[in-house]
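Asks: Quick one: the structure is below, and I'll ask about it shortly.
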Amino acid sequence: MQLKTKKKMSIWRYLTLGYLIVILTGSILLVMPFAAREGHTSYIDALFTATSAACVTGLVPFDTVTHWTLFGQIVILMLIQLGGIGFTTFVSILFIMVKRGFGLYERSAVIKSLGSNSLKGVKTLVKQIVIGTIIFEVIGAGLLSIRFVGDFGPLKGVYYAVFHAVSAFCNAGFDLMGTAQGSLSRYVSDPLVVITVCSLIFIGGLGFCVWGDIFNCKGNPKKFQFYTKFILFCSIILLAVSTGLFLVFDWNVGYADMGWGGKFLGALFDATTARTAGFFTVDYTKMSESGYLLTIILMFIGGCSGSTAGGIKVGTFAVMIMGMLAALRGKQDIDLGKRRVDMSQLHQALAVFTAYLTIILVAVMTICAIEPYSFKQVLFETVSALGTVGLSLSLTPSLSIASKVILILLMYAGRAGVLTIALALGRKNKSEAQIKRPVEMIFIG
């Protein structure tokens, strides 16, 4: 008599299924009559909005402030917060609240979701995430209240400040300003709003493990782990270079009507928000072609692993660039200072890059075959969806159901992670490691 052993669902399937449950729950709440001001929202639009919120994207079929009631807006805000800190982190918080111990499986799930590689101090890391999130969002809301209370009144101003602080920190890009106002366009030259929102986006996109390391080291750079130093360096360089390039490309185009200070704040905001946030202060339809292409590249790269951001991730992009330079120099190893990156990570980075690029090309070709819009418009919307950015050329509201379904799948894949979904769907072949096939040479370049 054979005994059947019960196998646990893989961590990767656990993560992908978790986001799916959150999205479906949100869509059911948003399709309720009292969630919309007009009393009715089609399920595809409710599903699209729930996916965009839970996957912290920001693409919307409707204007958030005019279509949804206060209930609908709060549901969206909760989905943003839950999607931002991560489904597994939320589950971990519940485990801690009910004082249930973490098993090895639960610890592994949390670690994979946060982009870490250590099983030590999981509870501490989760608590740091919760405390850090609250602190940053409260500070951001407080600073934004200084401006919003004066513009919208005490109650509405505080509500707007909280909503936009959460949306910015979670890199969601949902706003309550209305389509007529153009997201945060009215504050394009306001240092308080621009710097506060940019700071929240940047910090949220660094990654939870980076925060934990900075906190544990009490902000002393000399004690930071190698990954923290590497990510901070790459993120700052990427932000500085892209800000400079936006200034060069759109000095007399997108920022033509602004003063020097406004041009700098506009370029800084564009360089920050394109890294998966979704807010905007400048009309992207009026930007230069070079600025448009730079925005596409930044949306594709995204933020850091284990963060509220999407994209292929900064670490992936950096490893690819370093790997390319090493290969061109004929080196077998990727050296980063006094450390070396294993070649398996380069292979993984190239796999992620190729997967994202392939998905984008297939999606763009499919949507172009369905819709009457230009390649430029469709490419922008597609990269924005897969990168969970939320920037738009005002294409989403007019798309057909088929195209909206494609964007929903892209947003889900972008947030759950293409690699995570692939591992969740795939099966590990135990005999793979035992079989070594003959080696052949293929000419490259």
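Asks: Looking for whichever is in contact with a Lys or Arg (Cβ under 6 Å, 6 or more places away or on another chain), under 25 Å from Tyr19 (Cα atoms) and either surrounded by 14 or more Cβ atoms within 10 Å (Cβ to Cβ) or modelled with pLDDT of 90 or more (or both) here; the options are Ser392, Ser305. Which one fits?
Replies: Answer to the selection: Ser305.
Asks: Right, here's the next one. Restricting the first residue to the stretch 191-210 and requiring it to be in contact (Cβ under 8 Å) with a residue 12 or more places away in the chain, which pairs with a second residue that is acidic (Asp, Glu) meet a Cβ separation below 9 Å and a spacing of at least six or different chains?
Replies: From residues that are in contact (Cβ under 8 Å) with a residue 12 or more places away in the chain, the pairs are Leu200/Glu137.
Asks: For the stretch 65-84, what are the residues that are at pLDDT 90 or above and crowded, with 22+ Cβ neighbours inside 10 Å?
Replies: Hits for the stretch 65-84 are Trp68, Gly72, Val75, Ile76, Leu79, Ile80.
Asks: Residues of the stretch 309-355 being surrounded by fewer than 19 Cβ atoms within 10 Å (Cβ to Cβ), within 20 Å of Gln225 (Cα to Cα) and not aliphatic (A, V, I, L, M), which ones?
Replies: The answer is Asp335, Gly337, Lys338, Arg339, Arg340, Asp342, Gln345.
Asks: Could you please find all residues in the stretch 356-389 being surrounded by 17 or more Cβ atoms within 10 Å (Cβ to Cβ), assigned to a helix (DSSP H, G or I) and small (Gly, Ala, Ser)?
Replies: Ala363, Ser384, Ala385
Asks: Go through Leu336, Leu350 for me and flag whichever is modelled with pLDDT under 80 and within 27 Å of Gly417 (Cα to Cα).
Replies: Numbers: Leu350 fails: modelled with pLDDT under 80.
Checking each option against the conditions leaves just Leu336.
Asks: Out of all the residues in the stretch 171-192, which are among the aliphatic types (A, V, I, L, M) and crowded, with 24+ Cβ neighbours inside 10 Å?
Replies: Ala172
Asks: Of everything in the stretch 107-142 that's modelled with pLDDT of 95 or more and surrounded by fewer than 19 Cβ atoms within 10 Å (Cβ to Cβ), which residue is nearest to Cys55 (Cα to Cα)?
Replies: Val138
Asks: Filter the stretch 137-189 for residues that are in a loop (DSSP other than H, G, I, E, B) and over 23 Å from the mean Cα position of the chain (by Cα) and give the result.
Replies: Gly153, Ser189
Asks: Of the numbered conditions (1) loosely packed, with under 15 Cβ neighbours inside 10 Å; (2) in a helix (DSSP H, G or I), Val253 satisfies every one except a single condition; which is it?
Replies: Val253 satisfies all of (1) loosely packed, with under 15 Cβ neighbours inside 10 Å; (2) in a helix (DSSP H, G or I) except (2).
Asks: Which residue pairs have Cβ atoms under 9 Å apart, sit 6 or more places apart or on different chains, and have a first residue in the stretch 365-383 that is free of Cβ contacts under 8 Å to residues at least 24 places away in the same chain and among the β-branched types (Val, Ile, Thr) and a second that is in a loop (DSSP other than H, G, I, E, B) and surrounded by 13 or more Cβ atoms within 10 Å (Cβ to Cβ)?
Replies: Listed pairs, sorted by first residue: Val378/Glu371; Val378/Leu395.
The values are calculated or read from the model by the stated rules, or taken from the named source; none is laboratory data. Worth saying up front: this structure is predicted, and the values here are computed from it rather than measured. In this analysis, Cβ positions are derived from the backbone assuming ideal geometry, glycine residues included, and neighbour counts consider all displayed protein chains.
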